[in-house]
Amino acid sequence: CHLHLTNNPRAPRIARRTIRTALLDYNCSRELADTAELLTSELVSNAVKHSDGPVTVRLRTRAGVVRIGVMDDHPELPAPLPCTPDEDFGRGLYLVDTLASAWGRYPITDPSRTPGWKVVWFELTADRE
């Protein structure tokens, strides 16, 4: 599943619904779809907030693993913020770090692709119903 979104406040909702539908159609568990939906929403929300261009979401599955990557044009590689109970923001990557089987981020360096962009990704172990 490959999704191109404009930098718009509706983008996280569109991404959530698309990822959920794709995973449930692929017979993944509702629990996995719930987690993927939440983490995708966090990454797309960050991309919309910190970048000024379009956002791309890519969903891939292989051998029991679901991998979702979000690409945007903000070159800074994000890091989880310390999570404190009195903060209204900053929990997105903390959730990704806590709930994902693996996650990471990398800059796009291939000049034939989209230099100056980055990808933030996570993986979840896929449970089939």
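Which of the residues that make up the stretch 61-98 are modelled with pLDDT of 95 or more and open to solvent by 50 Å² or more (accessible area, probe 1.4 Å)?
Matches in the stretch 61-98: ARG67 only.
So which residues in the stretch 1-50 are farther than 25 Å from HIS74 by Cα, of a type outside the set (D, E, K, R), open to solvent by 60 Å² or more (accessible area, probe 1.4 Å) and in contact (Cβ under 8 Å) with a residue 12 or more places away in the chain, if there are any at all?
Within the stretch 1-50, TYR26, ASN27 qualify.
Where in the stretch 1-88 are there strands (runs of 3 or more DSSP E), lying fully within it, with 3 or more residues that are charged (D, E, K, R)?
Details: elements: 2-5, 55-62, 65-72.
The qualifying strands (runs of 3 or more DSSP E) are 55-62.
The values are calculated or read from the model by the stated rules, or taken from the named source; none is laboratory data. Since the model is a prediction, treat every value here as computed from it, not as a measurement. Because the Cβ atoms are built from the backbone with ideal geometry, glycine has one as well, and the counts that use them run over all protein chains shown. Calculation scope for accessible area: heavy atoms of the full protein, side chains included, ligands and nucleic acids excluded. Shrake-Rupley method; radii C 1.70, N 1.55, O 1.52, S 1.80 Å.
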